[in-house]
1. Let me know the shape class of region 1-54, please: from the alpha-carbon gyration tensor, a ≥ b ≥ c as square roots of the eigenvalues, rounded when a/c is under 1.5, otherwise prolate if a/b is greater than b/c, or oblate.
2. If you take the Cα atoms of region 27-69, find Rg, then find the Kirkwood Rh from the mean of 1/r over all pairs, what is Rg/Rh?
3. When the chain is fully extended, how far beyond the present Cα-Cα distance does residue 10 get from residue 22, taking 0.36 nm per residue of separation?
4. Using a basic spin-label model with each label point 7 Å from the Cα along Cα→Cβ, how many nm lie between residue 33 and residue 1?
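A short reminder: the numbers here are calculations on the coordinates, not readings from a lab. Predicted model only: the values in this text are computed from it and were never measured. Cβ placement follows ideal geometry from the backbone for every residue including glycine, while neighbour counts extend to all protein chains displayed.
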Amino acid sequence: MEVTTLVIAIIGAVTGLGSLAWQVVTWGQGGPVVAVTARQSFPAFGAHLGDPHMSVTASNSGRSPVTVWITPGTLEALIPGRMQGHGSTEEVP
């Protein structure tokens, strides 16, 4: 009887620790995970350089949606955009 109780207690402890570890992993991946890349270029027109251009890409690989604020030009206005989770890169109103 004592051996059976010990085996059941060990199985319960291992199961509980495994469940706790899984909850920690899923909690860590539960929020938004946003990766941002920015590229800058100067268009060339013969020997003259044009105005600088910037391209920014934001990608959400997390589970939760995230709001990204876009500032066009020189901080003229803030435009909110919503990205859904799971690798989304599209802007959702």
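1. Working: a/c = 17.98, a/b = 7.76, b/c = 2.32.
Prolate, because a/c is 1.5 or more and a/b exceeds b/c.
2. Working: Rg = 16.7 Å, Rh = 12.8 Å.
Result for region 27-69 is an Rg/Rh of 1.30.
3. Values: separation 12, 0.36 × 12 = 4.32 nm, distance 1.83 nm.
Computed gain between residue 10 and residue 22 is 2.5 nm.
4. Simple spin-label model gives 5.1 nm for this pair.
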